[in-house]
């Protein structure tokens, strides 16, 4: 077994590999960019070597520097994680030439599966179901149209070297095939330096289901069941689960056996994933093989009780698999939500900056733990007070739960999301909560078009309605009383004789957009010491009474307790929306900003005029923190609506800003190359 390994990656996956290596008694070496010098994975590793400046091309993508770090530290092997150089055949070959073990498949297998056209030909030879299509490079848009007509619309036009949704278009007619081919080829050339494009049949109402395989260097290959990855946004996975709620045992077995056949055909060693598209009649077709560890591997670990990173390390060290296909378990139901630093209410724009507060829910399960126990696991590369840099992907953490069945897993995940505290940057937790509550998701009736269908115009607050919004008002009253009673107690200590009498009647003002506030009376009933507080919320449609008991400590963002005898977890913060009097309560993805006040104060509050924010329509503002890579206009220039104004780069994505109306540029307010804050002016129009 190896004595020392280097992790050629960053963030949560670097932490994940370190956890297993420590369990196995292996010394770990981290490599880092300047942006990550204080990151969690650097602190967890036994040794760390600087690679270079923050951009990936100057740090994590420098194969020669990583090999140099191996020699410098005496690392015998490299685990590449996912992304960066994990599927780079040249990197794996260079390591092998230097006598350093690549903890992954051999480089010929990476090369064979990394080319989508070559991999489809290999799949056909291995008798794996493949989608009808034309698997040779296509030279012209006219040829693409003829091929598409032969296959039959709809078709999918894909770049051979594509990935992450880049270089992919769906065409339903000749015009879309012509334009899609041209767009794919240009996009692929710019993104991958390879403009080869092929066409295949588009499977309608498709599900994205992948099979986890594991092979050793002795000819043994097994499949570790499947993962359902159909909940995607712009071809990026959002929620993954294992097993799939859709496929039958017969389909599972057939897919698994074909995945094993393909892995054996390329002499696959290590963990890998064979991805399939599955039609509504459970007809399935090979998509591609990912020759690395997947982001969503924890859901497989929880239902099988296997540590996949440990298996990868053992295989790379030359060991045989210690189990056969018949020994693979499938216990319970696992689910993973990717918690990303993005604002779902602003079209999922990246959100970078400092994590002012980071409190994951309580964990029962941990990285590197080979167990099928039930509970919650959090895989993350950040800590409280850490930085979410603009240079890398937006993932903050992976929240994983394991339940006895699918409904139990959903319930555990919703409760865990309620208790996941993130402050300082925006996160997609409200969006995840909405997905988990959607009836079609709960029933398992969805496909890869689910998010595009139900959130075609973006995600809004009304997309995640609370089942009982009056409960949030009652909770706000309870929390207001907690702070008021504490203040009264202190007042009594320092100004004896001036202590206020406890108040029982309140008005709850829910703060709305543009000053559209809602005022609801509330009354607190008499309760015996130690008994739940009785709070009555007076609604137009009838009063609602809640028996509330809350465990609250001063400064807690997470609130636990019981309502009418049932446990709950929620979140609260004071001074919400820049209003020092407001309390923000959040539960099941719904967020309310409220002020709890004396009824007479509420009467006066309603008379206060609304102060509208300043008119910023003459400005182009930065919608996110990021790097201003281009200003496409200059002072005095006439600009038409829809013309490009600026380009901002954040989290590996370029975001183009366009003019919303015709106008003349008055002033450039930010220089190219500047680091921008949210709502910072870039261009001002006359």
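We did not get these values from a lab; they are worked out from the coordinates using the rules stated. Model, not experiment: these values are computed from the prediction. Positions of Cβ are backbone-derived with ideal geometry, glycine not excepted, and every protein chain shown enters the neighbour counts.
Things to note:
- Evaluated at q = 0.09, 0.16, 0.17 Å⁻¹, the base-10 log of the normalised Debye intensity for the stretch 207-463, with identical point scatterers placed on the Cα atoms, takes the values -0.40, -1.23, -1.35.
- Percentage, to the nearest whole number, of Cα pairs in the chain over 42 Å apart: 34 percent
- Global geometry of the stretch 27-122, whether rounded, prolate or oblate, following the gyration tensor of its Cα atoms and the 1.5 cut on a/c: prolate
- Sites residue 118 and residue 677, calculated FRET efficiency, Cβ-Cβ separation with R0 45 Å, nearest 0.05: 0.45
- Counting DSSP beta bridges with both ends in the chain, the antiparallel % (nearest 5): 90 percent
- Between 0 and 90°, nearest 10: helix 249-265 axis offset from the chain longest Cα axis: 50 degrees
- Likely footprinting exposure, 668, 110, fewest C-beta neighbours within 10 Å first: 668, 110
- Packing order of peptides 459-466, 387-394, highest average first: 387-394, 459-466 (average count of other Cβ atoms within 10 Å over each peptide's residues).
- Backbone N under 15 Å from the residue 281 label point (7 Å along Cα→Cβ), restricted to the stretch 191-215: 203-206
- Principal-axis tilt of helix 469-494 within the chain, Cα atoms, nearest 10 degrees: 60 degrees
- Relative contact order (%) - the chain, alpha-carbon pairs under 8 angstrom, separation at least six: 9 percent
- Structure-based [θ]222 nm, the chain - -39500 (n - 2.57) summed over DSSP H runs of at least 4, per residue, nearest 500: -8000 deg cm²/dmol
- Angle in degrees between helix 11-23 and the longest Cα principal axis of the chain, rounded to the nearest 10: 70 degrees
- Whether the stretch 118-199 is rounded, prolate or oblate, judged on the alpha carbon gyration tensor where a/c under 1.5 counts as rounded: oblate
- FRET efficiency for the residue 329 to residue 248 pair, using the beta carbon distance and R₀ = 22 Å, is estimated at 0.70.
- Gain on full stretching of the segment that runs from residue 235 to residue 543 - 0.36 nm per residue minus C-alpha separation: 106.3 nm
- Pair-distance distribution P(r) for the stretch 619-685, from all Cα-Cα distances in 5 Å bins starting at 0: 4, 20, 33, 24, 14, 4, 1 percent.
- The stretch 41-113: relative contact order in percent, alpha carbon pairs under 8 Å with at least 6 residues between: 24 percent
- C-alpha center-to-center spacing [the stretch 339-400, the stretch 1-51] in angstrom: 18 Å
- Order of 320, 566 under a 10 Å beta carbon neighbour criterion, fewest first: 566, 320
- Dimensions of the stretch 469-605 from C-alpha coordinates, computed as largest minus smallest value along each principal axis and given longest first, are 42, 37, 30 Å.
- Spin-label model distance (nm) - residue 453 vs residue 1, 7 Å beyond Cα toward Cβ: 4.8 nm
- Theoretical gain in end-to-end length, residue 149 to residue 607 [0.36 nm per residue, Cα-Cα removed]: 158.2 nm
- FRET E, pair residue 534, residue 443, Förster distance 45 Å, beta-carbon r, rounded to 0.05: 0.75
- Length available on full extension from residue 656 to residue 46: 0.36 nm per residue minus the Cα-Cα distance, which gives 215.4 nm.
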